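In what follows, a structure is listed as C-alpha cells, so that the remarks can point back to it.
Laboratory data are not the source of any read-out in this text; all were calculated from the coordinates shown. Not measured: the values here are computed from a predicted model. In this analysis, Cβ positions are derived from the backbone assuming ideal geometry, glycine residues included, and neighbour counts consider all displayed protein chains.
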Amino acid sequence: MALHCGPFEVPPSLELLGPHGADITRLFTRPFLLLHWASELYTARTCMLLLMDLGWEPRLRSGTTLEDLCAGLPAQCRKPLAWMLPFLAIEGLLARVGEGYQLQGDPDLDLTELRRIAEEEVPGHAGNFDLLDGVRSHIQPYFTEGKPGEGLLFDLTLYPLWLAYFRNENLGYFPNNLLTLLALREGLPEGARILELGAGAGSFAQLVAHQGAEEGWAHRIAEYRFTDVALTFLRRAQRELKAAAPGLPLQFQSLDLNRPLGDQGIAPQSLDAIIGINVLHVAQDLERTLVNLRGHLKPGGRLVIGECMKPDLSTPLYLEFFFGFIKSFTEVTLDPRWRPRHGFLTPEAWEAALLHAGFSDLQFVPPPRPLMDRHPGFTVGAIAATV
C-alpha cells in the first residue's frame, strides 16, 4: 500500500505556529503523521463496515438519501447518519449522486493492512484501532433498538480502551494536552488554584506534574482540583493519580459543568485557572456555562480550553465518529452567533462565544489562521481567555 500521510507532508513553519512554535513543531514526526493518516482511514473503513453490519449494503448500492436511510429508525439515528454519509463521501467510500449517496464498486475496506503499517511505524498504538473496533461492535443496538449511546460506549468492556486512548503516550491524543499545557503555564501566578473540568483519565494532570517539575514552574500550583461528573474516572483518579502525578497538590471532587459551580462548593472568584480539554463543547448551554465559569475566576484569572477545532463547520472530523452517538455531544442549545451547530466548533465560533461571555485577551495556541487554511488537517488547539 502506498503511503500518503495527508496535508502534513511538510510540517507547518515556525512562523505559522506562533510564539510556541518550537514546542509545537516537535509533534510533527513521521510516526505522528502516519498515525493521523491511518486513524482517519481506519475510521472511514470502520464506519462503512458498520453500515454493512446493519445490513444496509443493498440500499447503499441502489443509492439512498439521509431521509430514506433514517426511515423506520429511532429518531436519535439521524444526527450520526447525517455525519457519516458526508464523511464517507469525502473519504471516497460513497459517491454523491444528486441529493443522495451510493456505494459503487468494491472500495478497499481492509483493516488488517492498516494495523500492520501502523504497528510497524508507530508501535504501541493498536489501542486506537481497538477502540474503533469496539465502537463498531457495541453500537448496533443504538440503531436497531434505540438504546442510548452512552451506555453502549462506556460499559466495562470498553472502559480499558478509553483509558488506553486518553494517555500522553498516545501520539493521537497527546497534542490536546500539550497545547493546553503551553497555554496554561504562561503567567501562572504563585499560589495558583486550578480546577480541571472533566479530567477523565488524568493524563493532563500527569503532564502538568511531570513537565512542570522539569521546567521549574510546578511549585507555583497551590491546589489542583481534579473534577469529573463520571464517578468511574473520579474513583480511579483517587486511587492512582497521586502516584502518577507526584508533587501535584491534588484535591478530588465530583462536578457537573452544566450546574452552577457555586451550588457544588466552588466559591466565587476563587480560582486562578479553570481547564477543560475537549469538554466545553458538550456544555448543554454554552453561554450559561461560560458565564458561570467566569464568575469563579479571580480578576486576571484564565479559562484555558483545549478543543478539536474545525476549519469550517461543514467539515466532518474523523474523531466525531466516537461522539456522535452521545446525547451530551449532539443535544445542546444552539445559537447562530457562537454555537451554530453541535459538536466541535471553529476557532471563530469559540472566539465569539468567549467574548460574548465577558472574557478578554484571548490567546490561541497555536494561532489558528492562516495555519488551518494552509493545513486543514490541523484540527486541535488551545485558547486562554482572561477575566
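So the values come out like this:
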item	result
Footprinting exposure proxy for C308, C47 (fewest neighbouring C-beta atoms within 10 Å first)	C308, C47
Extension reserve of the E215-E57 stretch, reckoned as 0.36 nm per residue once the Cα distance is removed	51.4 nm
Local net charge near T112, Cβ-Cβ under 13 Å (Lys/Arg +1, Asp/Glu -1)	-3
Extension gain, Q264 back to V229 (0.36 nm per residue minus Cα-Cα distance, nm)	11.4 nm
Surface/4 estimate of mean projected area, convex hull on alpha-carbon atoms of region 174-288, nm²	7.0
Residue order, fewest to most surrounding Cβ atoms within 10 angstrom, among L35, L334	L334, L35
Sorted by Cβ density within 10 Å, fewest first, the residues L161, L179, L111	L111, L161, L179
Charge dipole (region 1-144, unit charges on Cβ, about Cα centre) - positive-most of G98, S13, L49	G98
Theoretical FRET efficiency, 1/(1+(r/R0)^6), r = Cβ-Cβ of D133 and D361, R0 45 Å, to 0.05	0.55
Spherically averaged projected area of region 20-165 from its Cα convex hull (nm²)	10.6
